[in-house]
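Please read the structure below before turning to the comments.
The values are calculated or read from the model by the stated rules, or taken from the named source; none is laboratory data. Note that the coordinates shown come from a computational prediction; the quantities given were computed from them, not determined experimentally. For neighbour counting, all protein chains shown are included, and Cβ atoms are generated from backbone atoms with ideal geometry for every residue, glycine included.
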Amino acid sequence: MSEQVLVRVTAGVMTVAFNRPEKKNALTDAMYGAVADALDRAVTDDAIRVVLFRAEGDSFCAGNDIGDFMQIAMGGGGGGNVFRVLKGLGQFPKPVVAAVKGSAVGIGTTMLLHCDLAYVADDARLSTPFVNLALAPEAASTILLPAQIGHRRAFAMFALGEVVSGRQAADWGLVNAALPAAQVDEAAAKAAAELARRAPRSLQLTKKLMRDGAALWAQMERENEAFGSQLTSPEAREAFSAFIERRPADFSRIA
């Protein structure tokens, strides 16, 4: 599974690249496991000063793999590695940078809330359509997203599945900059390299003072409970079936 998450370390920067372009980099449980392992390594390895997330292909991340969702919804179990990633991001002590092109759906957008710097393509498409799938938000996004862009914009993204362009995301302060797609990887890599040259403890102290990791994890636990209860609900089964069958979901007969 390592070929679907590429990890390399160069000059103090660990680059974590999603590499499932044929599926728009939708994340499976095994891919989450590889990301969690990389974050665990980065925490303890003093040679790694910065983590940079990027992706191969024309999309950053299409969110969770629907097949995994369907398996859990039907009682098949699994899905534990996503929580390792969420906790890892929420409490990660070192700087995190992201380079985003194409679509960033669900976790593809909410993980950006845990990145200290983010660079996106002008025409990137950011969305958090949790209600479209009869689910609940995750990654402490119910705190972080309204704090960054305001309640009404965040609610529209969550509840209506509104898509935000890269340019809008930059205008709203959700990301650092929106650039032509061909410049995104270079801009993010340059920022990561610059951070890797800075005083590491000073950076970590600054980040710790700016973020309350314990409070974020507490919110994630509340979200996880809501998400988990919805994942096995009749609403979610209908939403997933509709997605697979390429039809509108019908919740009219669900109490």
task: Take Asp185 and decide whether it is under 29 Å from Asp45 (Cβ atoms) and at pLDDT below 95.
output: no
- request: Among the strands (runs of 3 or more DSSP E) lying completely within segment 106-211, list those that include at least 2 residues that are crowded, with 22+ Cβ neighbours inside 10 Å and in contact (Cβ under 8 Å) with a residue 60 or more places away in the chain.
  value: 117-121
statement: For segment 235-255 the number of residues that are surrounded by 14 or more Cβ atoms within 10 Å (Cβ to Cβ) and either in contact with a His (Cβ under 6 Å, 6 or more places away or on another chain) or assigned to a helix (DSSP H, G or I) (or both) is 9
- prompt: Across segment 1-41, what is the number of residues that are of a type in the set (Asp, Glu) and at pLDDT 95 or above?
  reply: 3
- prompt: Can you find a residue in segment 49-64 that is in contact (Cβ under 8 Å) with a residue 40 or more places away in the chain and of a type in the set (S, T, N, Q)?
  reply: yes
